[in-house]
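The values are calculated or read from the model by the stated rules, or taken from the named source; none is laboratory data. Note that this is a predicted model, so its numbers are computed, not measured. When we count neighbours, we look across all protein chains shown, and the Cβ atoms used for this are built from the backbone with ideal geometry, even at glycine.
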């Protein structure tokens, strides 16, 4: 029997704020254990939470970026459960009045090849709510110690509808969602630091069935690749259980990405098990239109919207946009270079960035901010090539030197003698005549309408010019001679 998978993702994103959600104590990563705590974090008697407005601004921004409805009023609830890493033995969260409702995440599925755009879909969201993070247990050989540094960090939970149907869709969803959060400055989404965590709810059903099957939750998925692999593993496991005549039970399973195996942790709790009730210490929050307008003014253009604009405005191919748009800093850098070089040179600029700049950054283990190459360097190099002052092969050498020294391309070309030699017009014309005379087959093909046949003459001309002839003049001269034959 063919089965269909139905997947919903619960993604927790740590909000990038200076302080924690209900107290002024700092938020951060990598500090000595239990140094980012105070009496509020530790829930000592007599303490009261105070709302961090920056966390509210961030979740409103996330909601606007994802097309959510921003609730005019949201309230805070206590979610009751006992874990050693929860100082209160309850979590302040949002239950029946979350701040963001609906919305969607646009995804792109893999294309037929890396150079071909895949299908785009929008995955609907149920809600986004804000809550406080818990601490972290550090397990040793003979004990487990709790670090409360993470406790109280503002945390968004982004809940999708059960509208994903494959591991690849889940991978694309998380990739797109992560980029949106980074673009908006909402979170750095570093999974190694716990800033983005994902739980996957997976069920299967016979193809054509509309009723949902029994769901299983996968926990501890600490990389986007492990989410994809864990979902694929769980789909296969559930199909195998049913084909053996077994029954899927609702449970939470731990997936080990290193071994590709999972094991049962516990039977899954339902909402009533948490005994939610309104938090008596926090007032409901009212979000008016003026507040939303202020946040909307800070919302950036999202990656897929930027990609569509790059297609239209710069006529860039997918091979370039699929690299440029996923890094906001790199996309901005590209547009700065295009502004200096001219819009008609956008593809040339993009090629130098994607093929050469990123290679040199990788070799030097540098970030874009650390690079000695600026948009002005790339724009100047493109102009030198277009003017015929520097040939492409020489430009490759110049780029490596630019990355190492930060010198402008014309200075490097002068120092290293890499400028194309001025070509005597009569001499160039004779080289072109000789090339045409030496290739009767290419001449016949060109006369028969095969324009690309002209390239057969260019190699001999460049060889005669010792590689320093202006390619643009070579092409023009060849075409002038061919037209007269």
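Go through the stretch 206-228 and give me each residue that's in contact (Cβ under 8 Å) with a residue 60 or more places away in the chain, part of a helix (DSSP H, G or I) and out of contact with any helix residue (DSSP H, G or I) (no Cβ under 7 Å at 6 or more places or on another chain).
Listed by number, the list is empty, since nothing qualifies.
Mind checking which residues of the stretch 295-304 are more than 20 Å from residue 116 (Cβ to Cβ) and surrounded by 12 or more Cβ atoms within 10 Å (Cβ to Cβ)? Talk me through it step by step, then tell me what you get.
If we filter the stretch 295-304 for residues that are more than 20 Å from residue 116 (Cβ to Cβ), which is where we start, we get 295-302.
Selection gives 295, 296, 299, 300, 301, 302.
In the stretch 169-181, what residues are in contact with a helix residue (DSSP H, G or I) (Cβ under 7 Å, 6 or more places away or on another chain) and over 18 Å from residue 129 (Cα atoms)?
170, 171, 175, 179
When the residues of the stretch 369-390 are filtered to those that are modelled with pLDDT under 90 and in contact with a strand residue (DSSP E or B) (Cβ under 9 Å, 6 or more places away or on another chain), which remaining residue is farthest from residue 352 (Cα to Cα)?
Among those residues, the one meeting the criterion is 389.
Hey, which of the helices (runs of 4 or more DSSP H) in the stretch 354-444, taking only ones fully inside, have at least 1 residues that are closer than 18 Å to residue 467 by Cβ?
Because the criterion is at least 1 residues that are closer than 18 Å to residue 467 by Cβ, the helices (runs of 4 or more DSSP H) in the stretch 354-444 that meet it are 375-386, 392-405, 409-416, 425-437.
So, residue 197, is that one over 20 Å from residue 171 (Cβ atoms) and outside any loop (DSSP other than H, G, I, E, B) or not?
Details: over 20 Å from residue 171 (Cβ atoms): no; outside any loop (DSSP other than H, G, I, E, B): yes.
Answer is no for this residue.
Out of curiosity, is residue 428 in contact with a strand residue (DSSP E or B) (Cβ under 9 Å, 6 or more places away or on another chain) and more than 21 Å from residue 371 (Cβ to Cβ)?
Values: in contact with a strand residue (DSSP E or B) (Cβ under 9 Å, 6 or more places away or on another chain): no; more than 21 Å from residue 371 (Cβ to Cβ): yes.
Taking the combined requirement at face value, the residue does not satisfy it.
For the stretch 1-25, name all the residues that are farther than 23 Å from residue 285 by Cβ and surrounded by 14 or more Cβ atoms within 10 Å (Cβ to Cβ).
Correct list: 3, 4, 5, 6, 7, 8, 9.
Go through the stretch 121-157 residue by residue and tally those that are surrounded by fewer than 19 Cβ atoms within 10 Å (Cβ to Cβ) and part of a loop (DSSP other than H, G, I, E, B).
Total satisfying the criteria: 4.
May I ask you to say which residue of 118, 67 is in a loop (DSSP other than H, G, I, E, B), free of Cβ contacts under 8 Å to residues at least 60 places away in the same chain, touching a helix residue (DSSP H, G or I) at 6+ places or on another chain (Cβ under 9 Å) and assigned by TED's automatic domain parsing to the domain that holds residue 41?
Result: 118 is the single residue among 118, 67 that is in a loop (DSSP other than H, G, I, E, B), free of Cβ contacts under 8 Å to residues at least 60 places away in the same chain, touching a helix residue (DSSP H, G or I) at 6+ places or on another chain (Cβ under 9 Å) and assigned by TED's automatic domain parsing to the domain that holds residue 41.
Would you check if there is a residue in the stretch 20-43 being in the same structural domain as residue 279 (by TED's automatic domain parsing) and touching a helix residue (DSSP H, G or I) at 6+ places or on another chain (Cβ under 6 Å)? If you could, list the steps in order and put the result at the bottom.
Step one: of the stretch 20-43, the residues in the same structural domain as residue 279 (by TED's automatic domain parsing) are 20-43.
So of that shortlist, the ones also touching a helix residue (DSSP H, G or I) at 6+ places or on another chain (Cβ under 6 Å) come out as 21, 29.
Scanning the stretch 20-43 turns up at least one residue that is in the same structural domain as residue 279 (by TED's automatic domain parsing) and touching a helix residue (DSSP H, G or I) at 6+ places or on another chain (Cβ under 6 Å).
Looking only at the stretch 65-84, how many residues end up being over 23 Å from residue 9 (Cα atoms) and modelled with pLDDT under 95?
Here the count works out to 2.
Only one residue in 337, 341, 348, 331 is under 18 Å from the mean Cα position of the chain (by Cα), buried (at least 18 other Cβ atoms within 10 Å of the Cβ) and modelled with pLDDT of 95 or more, so which one is that?
On inspection, the qualifying residue turns out to be 331.
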